[in-house]
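Enquirer: Provided herewith is a single structure, encoded as structure tokens, for subsequent inquiry.
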Amino acid sequence: MNTEVRNLSFSYGEQPILQDVSFCLNGREVVSVLSPNGGGKTTLFRCMLGIHRQYTGIITYDERDSRNLSIRNLARYAAYVPQSHYPAFNYNVLDMVLMGTTPLLRSTIQPGEEEYEIAEQALARLGISTLARRGFIRLSGGEQRLVLIARALAQQAPMIILDEPTADLDIGNQHLVMTQLRRLRDEGMTILFSTHDPSQAYRWSDRVLALSEQSIYAEGPPARVICSPVLNHLYHIDATVVPLDDRDIHIQIHS
Amino acid sequence: MSGSGKSHKQNMHPGRTVLLLALLLVSVSAASALAGRYPLHMEDIWTVILNIRLPRIVMACLAGCALSAAGAAYQGVFQNPMAAPDILGATQGAAFGAALAILLGRTGSVVTAFSFTGSLFAVALVWYIGRKTSGKRVLGLILTGIMVGSIFAAGTSFLKLVADPSDQLPAITYWLMGSLVGVGKNDVLPAALPILLGLFPLLIFRWHINVMTLGDEVAHSLGVDADRMRKIIVLSSTLVTAATVSATGMIGWVGLVVPHLARRLIGNDYRTLMPGSMLLGALFLLLVDDIARSALSREIPIGILTAFIGAPFFLYLITKGGEKY
């Protein structure tokens, strides 16, 4: 699937959040959005998901203007994994993933056999079928994140947008989640995720969008974007990026 | 709610529990028709059952069902386990309407009509003001509901102050306690129609209420228009609450306690929780009403009993531990 964001601008009242943001996603790639706090990545995601609709510019999925898509149809193009959230009520994992099939329901008012199969397949794809009967609230942070990714898979959308998917995870779980996302890319999906960790963006993404002061400051492969000048501009620091190999970097911050 | 969680018990067959509740409700209804303070004589048995007991049984079931369904629905679309049918001011509006009608010297169905209108008006006001609040939509609505509710409560207090203390004041006070005394054949249909009309969407959209519990943003990303869905659910819940409260007066606690008990028995999945809450609510209020009309020599208003039974029971539920929800 081709996703295009063209001249996207958004403001809350007088305050501009995004200004003239343009980029393309071509499918089968992992793209990270690197931005300082308040850099506009959450707003960008909300516009792409159709939660905010009062933007200017155009967002298209396979040449279809997302503004003309209903909320339900939009959910079939892009799935969303929110930042860790503590649900008001506990659901078991299978039901949680089953909720991902909601946009697939046509005339029926609740999921049927077909949707159960989709949900079970989603769990199997992430290797967490054994969690199906467990309560979501009682899972570890890493397991919860995988369940939410499974829910996104059950939506059967070609793209998953993840808001800081590993923010509250230990490095073991971070690795697990990122490995799974890379696998989904290999299966043809588009993965768009935000992160505050340049090393993570460097290691795991095919492309990096560096968002700063409402617009895209740099875009390209990690080795080109994650360099001292860009990080210094983004985070207002004085740092040197030292590449260790093609996967890892060391960021030296001079005080 | 509770921190300690020894048991991971989960009802593996929530559907069977719902079926069991349905069977239980049918048998308790039948038993209730035969139970009463006064012994039945053969010659008037059908008159008593059809004209006196049956309308009251039906009304108790409808009221319990409606309040529990509304409570469960509000808890879902407001992502808040403490939500009850009065969260948007429906009961306070109803109370004000009823008190106003009594103050104007009206009785019977006029009081009901005033009360029904007051209830709908209060919620409409909350909805209208709540949409203008800045920040989170859900929080704005809840806060507006509390404020508007307390304005109507103050209004009711004022009406009590100016009411004639010899007849109007006791009438208002008695109405506020909530009671099924004197519910007759002709009272059931006007209440039943709006209740059934409102219960229907709550059943139809029960899967979508599940999605709504995840929050507006996630619901949206799952293809559900959260604002529109909340509007449908709030409208339906308000209709059943207004119809119930205007017919029976203030029957508290049912709408909070029953959905929580149902969550314990059945789980949080609204596909079974919604019908389960409806049946359990009907069963609960029917049993409480049986106690109210048969157990003691003087009939106790049912609103007092639901508070006496409901509140301690709720405390028991939240301190008992078990599955966190």
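The values are calculated or read from the model by the stated rules, or taken from the named source; none is laboratory data. All of these numbers come straight from a predicted model, not from anything done at the bench. A quick note on method: Cβ atoms are made from the backbone with ideal geometry, for glycine too, and the neighbour counts reach across all protein chains shown. We work out accessible area using only protein heavy atoms, side chains counted, and drop any ligands, DNA or RNA first. Shrake-Rupley method; radii C 1.70, N 1.55, O 1.52, S 1.80 Å.
Enquirer: Per-residue accessible area for residue B:146 at 1.4 Å probe radius, Å² rounded to 10?
Expert: 90 Å²
Enquirer: Return one number: the angle in degrees, 0 to 90 and rounded to the nearest 10, between the long axis of the Cα atoms of helix A:113-125 and the longest principal axis of the Cα atoms of chain A.
Expert: Roughly 40 degrees between the two axes.
Enquirer: Chymotrypsin sites (Phe, Trp or Tyr not before Pro) within the range B:49-121: which are DSSP loop residues with at most 11 other Cβ atoms inside 10 Å?
Expert: Here no chymotrypsin sites (Phe, Trp or Tyr not before Pro) fit, given the DSSP loop and packing criteria.
Enquirer: Additional query: Please list 3J(HN,Hα) in residue order for the range A:91-100, calculated via the Karplus relation 6.51 cos²θ - 1.76 cosθ + 1.60 where θ = phi - 60°; whole Hz, with x for glycine and proline.
Expert: 10, 6, 4, 4, 5, 4, 6, 4, 4, x
Enquirer: Hey, rough spin-label estimate for residue B:146 and residue A:175, points 7 angstrom out along Cα→Cβ, what's it come to in nanometres?
Expert: Here the answer is 4.7 nm between the modelled labels.
Enquirer: With a 1.4 Å probe and all protein chains in place, put B:42, B:82, A:189 in order of accessible area, largest first.
Expert: B:42, B:82, A:189
Enquirer: Charges only on Cβ, +1 for Lys and Arg, -1 for Asp and Glu: so what's the dipole of the range A:158-247 about the Cα centre, in debye to the nearest 20?
Expert: Dipole size: approximately 260 debye.
Enquirer: Can you name the helices of chain B, as whole DSSP H runs, whose Cα span along the helix axis is 30 Å or more and whose Kyte-Doolittle mean is not below 1.0?
Expert: Long hydrophobic helices here: B:14-34, B:54-77, B:109-130, B:137-162.
Enquirer: Could I ask something else about it? Based on DSSP H runs of at least 4 residues, each adding -39500 (n - 2.57), what is the mean residue ellipticity at 222 nm of chain A after dividing by all its residues, to the nearest 500 deg cm²/dmol?
Expert: Only helices count here, giving -9000 deg cm²/dmol.
Enquirer: Between residue B:298 and residue B:46, what length comes free when the chain is fully extended (0.36 nm per residue of separation minus the Cα-Cα distance, one decimal in nm)?
Expert: Net length gain for the segment: 88.3 nm.
Enquirer: Here is a follow-up. With a probe of 1.4 Å, find how much accessible area the range A:150-193 has per residue, and write the answer as a whole number in Å².
Expert: Roughly 32 Å² per residue, with all protein chains present.
Enquirer: Can you give me the distance in nm between label points at residue A:246 and residue A:83, each placed 7 Å from the Cα along the Cα-to-Cβ direction?
Expert: With each label point 7 Å from Cα toward Cβ, the separation is 3.5 nm.
Enquirer: How many angstrom lie between the Cα centre of the range B:269-307 and the Cα centre of the range A:172-204?
Expert: Here the answer is 53 Å between Cα centres.
Enquirer: Within the range A:80-175, list the chymotrypsin sites (Phe, Trp or Tyr not before Pro) lying in a DSSP loop whose Cβ has at most 10 other Cβ atoms in a 10 Å radius.
Expert: Qualifying residues, ordered by number: none.
Enquirer: Using only DSSP helix segments of four residues or longer, with each worth -39500 (n - 2.57), what per-residue ellipticity at 222 nm results for chain B after dividing by its residue count and rounding to 500?
Expert: Here the helix-only value at 222 nm equals -24000 deg cm²/dmol.
Enquirer: Can you list the residues of the range A:20-55 whose accessible area drops by at least 50 Å² going from the chain on its own to the full set of protein chains, with a 1.4 Å probe?
Expert: The answer is A:51 - residues whose exposure falls by at least 50 Å² when every protein chain is included.
Enquirer: Am I reading the B/A interface right? What is its buried accessible area, both sides, 1.4 Å probe, to the nearest 100 Å²?
Expert: Summed over both sides, the interface buries about 3000 Å².
Enquirer: Another question, if that's okay. Angle check, please: helix A:141-154 long axis (alpha carbons) against the longest principal axis of chain A (alpha carbons), in degrees 0 to 90, nearest 10.
Expert: Helix A:141-154 sits at roughly 70 degrees to that axis.
Enquirer: Another question, then. Got a number for carbon plus sulfur as a percent of the range A:175-255's accessible area, 1.4 Å probe?
Expert: Of all accessible area on the range A:175-255, carbon and sulfur atoms account for 51 percent.
Enquirer: Could you give the size of the charge dipole of the range B:14-320 about its Cα centre, using +1 on the Cβ of each K and R and -1 on the Cβ of each D and E, expressed in debye and rounded to the nearest 20?
Expert: 520 debye
Enquirer: Is there a simple number for the mean count of other chain Cβ atoms within 10 Å of the Cβ of residues in B:73-85, and what is it?
Expert: So the per-residue partner count for this stretch is 1.
Enquirer: Can you list the residues of the range B:197-216 whose accessible area drops by at least 10 Å² going from the chain on its own to the full set of protein chains, with a 1.4 Å probe?
Expert: B:204, B:206, B:207, B:208, B:210, B:211, B:213, B:214
Enquirer: Could you look at the range B:14-320 and say what percent of its accessible area is carbon and sulfur, using a 1.4 Å probe and all protein chains?
Expert: Answer for the range B:14-320: carbon and sulfur cover 72 percent of the accessible area.
Enquirer: Anything losing 40 Å² or more of accessible area from the isolated chain to the full protein assembly: pick those residues out of the range A:87-121, probe 1.4 Å, ligands and DNA/RNA ignored.
Expert: SASA drop of 40 Å² or more in the range A:87-121: A:88, A:89, A:90, A:91, A:99, A:102, A:109, A:110.
Enquirer: With +1 on the Cβ of every Lys and Arg and -1 on the Cβ of every Asp and Glu, and nothing else charged, how large is the dipole of the protein assembly as shown about its Cα centre, in debye rounded to the nearest 20?
Expert: 1100 debye
Enquirer: Between residue B:316 and residue B:30, 0.36 nm times their residue separation minus their Cα-Cα distance comes to what?
Expert: 100.0 nm
Enquirer: Same structure again: Amide H of residue A:52: which non-local residues (sequence gap of 5 or more, or other chain) have their own amide H closer than 5 Å, using H built in the peptide plane?
Expert: Answer set, sorted by chain and number: A:47.
Enquirer: Over the range B:14-320, give the accessible area per residue in Å² for a 1.4 Å probe, as an integer.
Expert: 42 Å²
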